[in-house]
Amino acid sequence: MNMSGKSILKRIDWLTVLFYILLVGIGWLNIYSSTFTENNPSIFDLGQLYGKQMLYIVVSFAAIIVILALEANSYERFASIFYIISMVLLLGLFVFGKTIAGATSWYDLGVFNLQPSEFAKMATALALAKYLSDIQTDIKRWKDQLYAFLIILIPAFLVIPQPDPGSALVFFSLVFVMFREGLPLYHLGIALLAVLLFIFTLMFGTTWVAIGISLLIGIVFLFKRKKLKIPLIPLFVFFIIAIGFSLSVDLVFNNVFEQRHRDRFSLWLRLEKDPVKLAEIKKTIGYNTYQSEKAIESGGFFGKGFLEGTRTKGDFVPEQHTDYIFSTVGEEWGFLGTATVVILFTLMLLRLVYLSERQKNQFSRMYGYGVISILLIHYFINIGMVIGILPTIGIPLPFFSYGGSGLLGFTVLLFIFLRLDANRLNEWS
Amino acid sequence: MKKILLSSIIIIVGIVFIGRLSYLQIFSFSPNQVLEDPAIKAIYDYPERGYIYDRDGALLVANQPAYDVMVIPREVKPLDTLEFCGLLGIEKEDFKSKLKKARVYSPRLPSVLVHQLSKEDYARLQEKMRKYQGFYIQKRSLRYYTTNSGANVLGYISEVNEGDLARNPYYVQGELTGRTGIEKQYEEVLRGRKGVKYIQKDRFNRDIGPYKDGALDTLPQQGQEIRVTLDKDLQEYGEQLMHGKRGGIVAIEPATGEILAMISGPTYDPSLLVGRQRSKNYSKLHYDSISKPTWDRSILAEPSPGSPFKTLNALVALEEGVISPSTTIRCYNGFYVGRTLRGCHCGGGMRTMNSGIYNSCNAYFAGTFRKIYDKFETTDKGMDVWEKHMKSFGLGDYLGYDLPTGRKGRIPGKEYYDRVYGDNRWSSSYIISNSIGQGEIAATPIQLANMTAAIANRGFYYTPHVIKQIGGKDISIPEFTEKKKTTISPQHFDPVIQGMADVYTKGTARWLQIPGIEIAGKTGTVENFTKIDGVRTQLTDHSVFVAFAPVNNPQIAIAVYIENGYYGSRYAGHIASLLIEKYIKGEITRKDLEKRMLEKTLEHEYAKPLSGEEFKINEYVW
């Protein structure tokens, strides 16, 4: 029921749309630059990747019209169905999946390949929002926390064997929705502590980590114990667990991980000091990261100019039009370009936080947070990997990377939220 | 907290990214990356190295093509190895190991398989090259010498090393640069500038067109030919005369400072350091630590000059007014320092300056030397004056000639003796050896030649140099075209020169007069020592000679230094006389003299200290 009488076009958040169009536009220019060849003049040439991407953009725009035309409450109503269909599609990959570049993540639909995980992200965000906003769900309750986690874990475990660990991480990122809705933050604290312990153990070894923790606890014990009234036994238990974790990190890293995983971490944490081995890693496992870092560095402040990137033209960065598209921005547009893109993403995400917070409908707000979590984790891991501060994890840069399923998935994800937002004034009517 | 959690994360991520990006793109960025960029290959176009001509335009150094057989390992197809090795003239095992080495270096970049084929091998190979895929022939340019002399002064070129690459960004691995001599000194003139084309490559190293449509490409700049001041005939003749002798000779045209010949013995054929045998020959020459053929004695040897130095002491004494040409000093077949008698070969008796010079009387110049010092209240003062006069002849410091190496020689000043004997604890008696060019004085042959030129010019010289023309134009380098005046007034030269002329008419070199040429010179016989098993041992004297001719219009001034040649009038005197005749007349009239010098060697002298046995020095027979 549209009681306000205003057109959807007047109520949609145009600022977010503007960010969206800018990102898609800049993304396409860089895909064009990294895939064009001099004898193909038409930007709609479907024999070329940039031509295909242009088609995906047109399809995405069509999808936007459909999404905005639908009733806002239909998304909440059909959330469970979307979720079930997505899970079935993910399951179906084990039987009908097509393998591209080592990952069985696609359905071959003849004209194009469909990657169901891109849509499962949207469906999972909807399903989680629906479950958490249910009047009977209480996130403080153990059982409800478990169900919420299950909604996230099912798709995550379905994509891990493809193998697509990147997408699994994306599903995990939806825990931020639960934190917003009242899951105690010490969960996050423990997770962060574990990550820090993991990194410190790799960098300094178990012995130093144990000494560090002992010192820390000692200081706390000596100076603050009476004020904070920390009981002795939990502190001791924490100490034992931390040391145990640190020891197991060592064990897991050296015995469970494969060499290529170890190499990724070695490269990421700058653990390898032997220049010969380092050079070897840079040529093999770290090749992509090394080349993309070099390409970005060579852009300097102003960049080499559109279509002038020598490393881009020379195809030095593998997968440059997909996961490594940001290195083209770095080489051709320089610091000005990369900073612009980072700022655009930052502003867009902050805008989405603002939009989510102004929702009166719990479902809309939770879905909004789901959208932010998914976009943020993609943006963080992708750019972090391309500029060499995170290990190599293959996930696309939203709106930027080449790929129809990806672009369409992110577009649908975002515009469902914009449709919900446009409807916020009608919620109680 | 829970409301701002995500916002905080978003902002922190943004700040971290901007920080990392500014580190990469602003702080790590270096603008001159074109050469490091693996996507851009520079293809060089090398200009031909400039030729070197002698003073009369005779060609000394040109270029010759050489052919390297190159291989790109991954393009190699199965081949008839045996036949191919036959064509290349190498063993099958050798071929295999070289191919393997090339593959290890890079499967897709070219490596040299066989260096510098001869023209004949090249001709045979070229026709069949099509059969062997992955191999090709690359033409290179090597030096070609039309003379077998002048190796040290001309210098050689060789591949740039790590040091060159670090010092000069112009060079890239594998390029050639002048390593010694003229090749090094005039490297930039001879070399020109290479042209460069930048090619865009993909990561499989395939060319995909010119980079920026050739906007950064440059054309090669031709190397310039140069004409040097050397006289090819004189240089070659001098080296023939040096056969079997060690030492250095420098001849200068006094009126210009142009170096006519620079000879170091023993020497080697410059062609030895070109071509396939280069490295073998180089090690052989370089590691010959006994005769040191690559050590240019004409500018690096620093013997005491000996008696030719007496002429300078005479000039200083005249300038300071402590003697006149008619001042007499008695020679007691030597002279007394305190109570010890130092010997003299002149025959003894009353000496004037004139006979003191032509008979090379030690006593006369010891006396003269004392007079110089006695003029001043302190020896320090006398020393300063004496040192100033000596240095005005270009002694005791680098001359400033245009060759890349040299030595200062030594004119010891008061600081030197203060250090040796202590402040104010020495007098002219302590340094009396300096009067006859022995003692602490040291001079390179080129310094002696320059000093002789200054005497021939009656009081000035031009800095010696080897460059005459660059690219067909006479040089106008002020350093080489401005007169350097000595501190001796012109009128004092004539009596000294008269003495030097009398050396040839009635003195120590009267057997060496050149018919039809008035010549002035001075012999030198220089005591010298070496260490054998840690024991200071005297060797046969060095033979030294300086001369210029003709006396009244000097065209050539020459210094000859022959290690262990005994009397100055023997080897050094003979060679100086023959070279002057050769230069002025163009031919030698005294065939017997010439024959003697061409045949006689000093190898027996050089073998003495190495024999491990006792030996006699300064033997009369020769």
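All of the numbers you see were taken from the coordinates with simple rules; none came from a lab. Remember, it's a predicted structure, so these values are computed and weren't measured experimentally. Reconstructed Cβ throughout: ideal geometry from the backbone, glycine too, with neighbour counts over all protein chains shown.
Stretching the chain fully between B:Arg590 and B:Asn552 yields a gain of 11.4 nm (0.36 nm per residue, less the alpha carbon separation). Take the convex hull of the alpha carbons in segment A:87-200; its mean projected area over all directions comes to 8.7 nm². Using a simple spin-label model with pseudo-atoms 7 Å out from Cα toward Cβ, B:Lys2 and B:Arg510 lie 12.6 nm apart. What is the angle, in °, between the Cα long axis of helix B:379-391 and the longest principal axis of the Cα atoms in chain B? Nearest 10 is fine, range 0 to 90. That helix lies at roughly 60 degrees to the long axis.
Between A:Lys277 and A:Ile84, residue separation times 0.36 nm minus the direct Cα-Cα distance comes to 64.7 nm.
Here chain B is assigned +1 on the Cβ of each Lys and Arg and -1 on the Cβ of each Asp and Glu. Its dipole about the Cα centre then comes out at about 1440 debye.
At a Cβ-Cβ separation cutoff of 4.7 angstrom, cysteine residues of the protein assembly as shown with no neighbouring cysteine are B:Cys85, B:Cys331, B:Cys344.
For segment B:363-492, the dipole from Cβ point charges (+1 on Lys and Arg, -1 on Asp and Glu) about the Cα centre works out to 280 debye, to the nearest 20. The modelled label-to-label distance for the pair B:Ser326/A:Glu308, using points 7 Å beyond Cα in the direction of Cβ, is 8.9 nm. Each residue in B:Leu99, A:Leu55 was given a count of other beta-carbon atoms within 10 angstrom of its own, and listing them fewest first yields A:Leu55, B:Leu99.
For the protein assembly as shown, the residue among B:Phe369, B:Pro73, B:Thr537 whose Cα projects farthest onto the positive side of the dipole built from Cβ charges is B:Pro73.
Candidate cross-link partners of B:Lys506 among the lysines, defined by an alpha-carbon separation under 17 Å and a same-chain spacing of 8 or more, comprise B:Lys522.
Mean residue ellipticity, 222 nm, helices only, chain A: the sum of -39500 (n - 2.57) across DSSP H runs of n ≥ 4, divided by residue count and rounded to 500, is -23500 deg cm²/dmol.
What shape does chain A take by its C-alpha gyration tensor, where a ≥ b ≥ c are the square roots of the eigenvalues and a/c under 1.5 counts as rounded, a/b above b/c as prolate, and the rest as oblate? Oblate, since a/c reaches 1.5 and b/c is not below a/b.
Among A:Phe78, B:Phe335, A:Phe157, A:Phe179, a tally of other beta-carbon atoms within 10 Å of each Cβ gives an order, fewest to most, of A:Phe157, A:Phe78, A:Phe179, B:Phe335. Projecting the Cα atoms of A:Gly218, A:Leu169, B:Val114 onto the charge dipole of the protein assembly as shown (Cβ charges, centred on the Cα centre) puts A:Gly218 farthest toward the positive pole. Along segment A:25-32 the Karplus relation, 6.51 cos²θ - 1.76 cosθ + 1.60 evaluated at θ = phi - 60°, assigns HN-Hα couplings of x, 4, x, 5, 4, 6, 5, 4 Hz to successive residues, with x for each Gly and Pro. Straight Cα distances below 19 angstrom link A:Lys143 to the lysines A:Lys130, with same-chain residues fewer than 8 positions distant left out. Based on alpha carbons, the Rg and Dmax found for the protein assembly as shown are 44.9, 142 Å.
Averaged over the residues of peptide A:380-387, the number of Cβ atoms from other protein chains lying within 10 Å of each residue's Cβ is 3. Take B:524-532, A:60-68 and order them by the average number of nearby Cβ atoms within 10 Å per residue, most first; the result is B:524-532, A:60-68. Quick check on the exposure proxy: order B:Val160, B:Val61 from fewest to most C-beta atoms within 10 angstrom. Final ranking by Cβ density, sparse to dense: B:Val160, B:Val61. Using the Cβ-Cβ distance between A:Trp208 and A:Val252 with R0 set to 25 Å, the FRET efficiency works out to roughly 0.85. For B:Asn63, nonlocal amide neighbours, meaning residues 5 or more places apart or on other chains whose placed amide H falls under 5 Å from its own, are B:Tyr144. Considering only A:Phe238, A:Phe82, A:Phe96, give the residue with the highest GNM mean-square fluctuation for chain A, with springs between Cα atoms whenever their separation is below 10 Å. It is A:Phe238. Classify chain B as rounded, prolate or oblate, taking a ≥ b ≥ c as the square roots of the eigenvalues of its Cα gyration tensor: rounded when a/c is under 1.5, otherwise prolate if a/b is larger than b/c and oblate if not. Note, shape of chain B comes out prolate. Using only the alpha-carbon atoms, how far is helix B:92-105 inclined from the longest principal axis of chain B? Give it as 0 to 90 degrees, nearest 10. Helix B:92-105 and the main axis of chain B meet at about 70 degrees. With springs connecting C-alpha atoms under 10 Å apart, model chain A as a Gaussian network and identify which of A:Asn254, A:Asn361, A:Asn30 has the largest mean-square fluctuation. Answer for the Gaussian network model of chain A: A:Asn254. With the cut-off at 28 Å, tell me which of the pairs B:Lys131/B:Lys194; B:Lys232/B:Lys485; B:Lys100/B:Lys280; B:Lys194/B:Lys408 have Cα atoms farther apart than that. Exceeds cut-off: B:Lys131/B:Lys194; B:Lys232/B:Lys485; B:Lys194/B:Lys408. For the cross-link pairs B:Lys371/B:Lys483; A:Lys98/A:Lys121; B:Lys391/B:Lys483, which exceed 24 Å when the distance is taken from alpha carbon to alpha carbon? Beyond 24 Å: B:Lys371/B:Lys483.
Across segment A:180-195, computed HN-Hα scalar couplings (Karplus, 6.51 cos²θ - 1.76 cosθ + 1.60, θ = phi - 60°) run 4, 8, x, 4, x, 6, 5, 3, 5, x, 5, 4, 4, 4, 4, 4 Hz from first to last residue, x flagging Gly and Pro. Each Lys or Arg adds one and each Asp or Glu subtracts one; over the other residues with Cβ under 13 Å from the Cβ of B:Leu312, this totals +1. For chain B, with the dipole built from +1 on Lys and Arg beta-carbon atoms and -1 on Asp and Glu ones, taken about the Cα centre, which of B:Gly409, B:Gly163, B:Thr379 lies farthest toward the positive end? My answer, from the dipole projection, is B:Gly163. Against the longest alpha carbon principal axis of chain B, how many degrees, from 0 to 90 and to the nearest 10, is the axis of helix B:571-585 turned? The angle comes out at about 80 degrees. Which of rounded, prolate, oblate describes segment B:200-285, given a ≥ b ≥ c as roots of the alpha-carbon gyration tensor eigenvalues and a/c under 1.5 marking rounded, otherwise prolate only if a/b is larger than b/c? Cα axes put segment B:200-285 in the oblate bin. Per residue of A:348-359, other chain Cβ atoms within 10 Å of the residue Cβ number 2 on average. With the simple model of a label 7 Å out from the Cα in the direction of the Cβ, B:Tyr336 to B:Ala166 spans 6.3 nm. Once you list every other residue whose beta carbon is under 10 Å from the beta carbon of B:Tyr156, what net charge do they have if Lys and Arg are +1 and Asp and Glu are -1? Computed value for this residue: +3.
Amide H to amide H, with H built 1.01 Å from N, B:Arg246 comes under 5 Å of B:Glu563, counting only residues 5 or more places away or on other chains. Under the convention that each Lys and Arg Cβ holds +1 and each Asp and Glu Cβ holds -1, the size of the dipole of the protein assembly as shown around its Cα centre is about 2160 debye. For B:Thr327, the residues 5 or more places off, or on other chains, whose built amide H falls under 5 Å of its own are B:Met353. The calculated 222 nm mean residue ellipticity attributable to helices in chain B amounts to -9500 deg cm²/dmol, summing -39500 (n - 2.57) over DSSP H runs of n ≥ 4 and dividing by all residues.
Charge tally for B:Tyr144 (other residues, Cβ to Cβ under 12 Å; Lys, Arg +1; Asp, Glu -1): +2.
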